[in-house]
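Working notes, structure below.
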Amino acid sequence: MSHSAVKSFALTSLLALATSLSAQEQKPQIIEGLQNPPPVRFPDDLPPGPMRGKATTSCQECHEARIILQQRLSKAVWTKEVDKMVKWGAVIDAGDHDALIDYLSTNFNPDQPPYSPPRSASESTNRNGTKKTSR
């Protein structure tokens, strides 16, 4: 076999091997017991009020409740946030717009105590910032 034939054969073999390796399905590494871990859950109990359901369905379509729970915004800033989210696709009926902003600005304004996230899955926080433990 000539030198160029050997090079050609080697190159063709390497190309075939590379194609074969890239075509093989890569199996994900599975750590025992963690194949389908449960999702991390954060408290999703928004404060009671007439627009709680609308806030849950409209806001939590994209966000976890803790995104809302940790906010401390004025009514003007909540208005800008809600309007921005509507532009980005949040579904809020025009008749619910002002009431939703009132709900958010009443419950999550700068005068409220800072959000204190639970330290474990069994611990959550009341609206007044005190911790409660579920049994």
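At a glance:
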{"quantity": "Test: residue in segment 110-124 that is modelled with pLDDT under 55 and surrounded by 11 or more Cβ atoms within 10 Å (Cβ to Cβ)", "calculated": "yes"}
{"quantity": "Cross-chain or 6+ apart pairs with Cβ under 6 Å, segment 53-80 first and aromatic (Phe, Trp, Tyr), then surrounded by fewer than 17 Cβ atoms within 10 Å (Cβ to Cβ)", "calculated": "none"}
{"quantity": "Hits in segment 87-97 (condition: surrounded by 14 or more Cβ atoms within 10 Å (Cβ to Cβ) and under 18 Å from the mean Cα position of the chain (by Cα))", "calculated": "ALA90"}
{"quantity": "Boolean, ILE92 is at pLDDT 90 or above, over 13 Å from LEU46 (Cα atoms) and aliphatic (A, V, I, L, M)", "calculated": "yes"}
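So that you can scan it fast, the table gives a plain yes or no per residue for (1) more than 23 Å from PRO117 (Cα to Cα); (2) assigned to a helix (DSSP H, G or I):
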residue	(1), (2)
PRO50	yes, no
THR57	no, yes
GLU61	no, no
ARG72	no, no
VAL91	yes, no
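The values are calculated or read from the model by the stated rules, or taken from the named source; none is laboratory data. Given the structure is predicted, the values throughout are model-derived calculations rather than measurements. For neighbour counting, all protein chains shown are included, and Cβ atoms are generated from backbone atoms with ideal geometry for every residue, glycine included.
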